[in-house]
Amino acid sequence: MTEHRDYLGAKMGMWIFLFTEILLFGGLFVLYSVTLGRYPTEFHEASKLLDVTMGTTNTMVLITSSLFAALSVVGLRKGSRKVAKTCIFLTLTLACCFLVIKYFEWSHKIHAGIYPGGGTLTQWEPGKQAFFSLYYTMTGLHGLHVILGMGVFLWVWTRIAVGTCTPEHFVALENAGLYWHLVDLIWIYLFPLYYLIT
Amino acid sequence: MNENERTKHHDPGYGLFIAVWAALMALTAVTVEVSTIHLGFLNVVVAMAIASVKASLVVFFFMHLKYENRTLKTMVLVAFVILAIFIGFTFFDTANR
């Protein structure tokens with residue numbers, strides 16, 4: 001008996017799932033834009049409190065992790081499981097770097113009382129409070145996607161190791177890559193909106 | 001026909017992805033630099049324009065859309081048009097309150 005496979009269907013299914021993700025984040029981007037239109041000065045000032053160096057570093061880390069995700073697919077297609085696994089490992093390492101930097105940024109802000117309901121933030125104007133509420137919601141939801149994406153890559157890494165994701169049937173790796181690139185794509189918009197509107 | 005036979009005749013190699021990565025890094029540097037110049041409201045417009053160029057590079061090359069069939073391309077286009085309608089109509093509302 002041969003196993004049923006539908007390569008194009010599997011990929012299309014992944015894209016349809018990604019559309020729901022685009023609309024999920026799209027809603028938050030709309031909320032951000034409307035609030036920015038309402039409190040432009042406060043957003044300007046609140047944005048200055050974020051560390052541009054850390055934000056830029058994280059952007060570069062995530063873009064590079066996306067490169068390795070793309071290279072892992074090329075590697076597996078060309079028949080090299082070793083290249084694929086090394087690239088996935090590098091993607092996961094960079095994803096950890098991203099989360100560690102994010103952790104430092106968040107904990108620094110939280111220690112300073114800048115979090116929803118925090119001592120410092122509640123003293124500030126409503127516009128700044130809105131900025132930080134959106135900042136934690138959107139980067140938090142994005143961070144959650146990074147963690148989930150890492151889980152997906154770990155799963156694919158195991159599948160390559162045991163031989164169920166192969167140079168002939170690599171759609172699992174390709175779909176994991178698609179998810180990862182979407183997470184990168186969302187960050188590409190989050191970064192200028194939060195760090196660069198000063 | 002396995003997955004590799006379906007796609008290998010237009011399979012992008014390592015070099016193309018590294019070139020796209022270099023372009024993304026360069027655009028990140030540009031967007032950070034431009035943000036230090038004071039342009040008022042235009043700052044947001046320029047930042048979003050650069051982000052959209054970067055997003056297109058990610059979607060067409062990293063996400064492989066350039067090499068997909070017309071059905072998938074149309075689906076992605078429709079998804080983005082729906083997002084644009086969603087954003088556009090929200091602004092018709094909030095801009096006229």
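How many of the residues in segment A:56-86 are of a type outside the set (S, T, N, Q), free of Cβ contacts under 8 Å to residues at least 40 places away in the same chain and within 16 Å of B:Met63 (Cα to Cα)?
5
Out of segment A:1-16, which residues are without any contact (Cβ under 8 Å) to a residue 60 or more places away in the chain and among the hydrophobic types (A, V, I, L, M, F, W, C)? A:Met1, A:Leu8, A:Met12, A:Ile16 - these are the residues of segment A:1-16 that are without any contact (Cβ under 8 Å) to a residue 60 or more places away in the chain and among the hydrophobic types (A, V, I, L, M, F, W, C). Inside segment A:1-22, residues that are at the interface with another protein chain (Cβ under 10 Å from one of its Cβ atoms), aliphatic (A, V, I, L, M) and loosely packed, with under 14 Cβ neighbours inside 10 Å make up a count of 1. Residues in segment A:161-189 that are among the aliphatic types (A, V, I, L, M) and more than 14 Å from chain B (Cβ to nearest Cβ): A:Ala161, A:Val162.
Residue pairs whose Cβ atoms lie under 6 Å apart, sitting 6 or more positions apart in sequence or on different chains, and linking a residue in segment B:54-70 that is among the small types (Gly, Ala, Ser) to a partner that is buried (at least 18 other Cβ atoms within 10 Å of the Cβ) and modelled with pLDDT of 95 or more, are B:Ala55/A:Leu185; B:Ala55/A:Ile188.
Can you find a residue that is closer than 29 Å to B:Glu68 by Cα and within 10 Å of the chain's Cα centre (by Cα) anywhere in segment A:164-179? Looking for residues that are closer than 29 Å to B:Glu68 by Cα and within 10 Å of the chain's Cα centre (by Cα), one finds at least one in segment A:164-179, hence yes. Taken together, A:Leu49, A:Leu31 contain a single residue that is more than 10 Å from every other protein chain (Cβ to nearest Cβ), among the aliphatic types (A, V, I, L, M) and surrounded by fewer than 20 Cβ atoms within 10 Å (Cβ to Cβ), which is A:Leu49.
The values are calculated or read from the model by the stated rules, or taken from the named source; none is laboratory data. Owing to the predicted nature of the structure, the values given are computational and were not obtained by experimental measurement. As a convention, Cβ positions derive from the backbone with ideal geometry for all residues, glycine included, and neighbour counts pool all protein chains shown.
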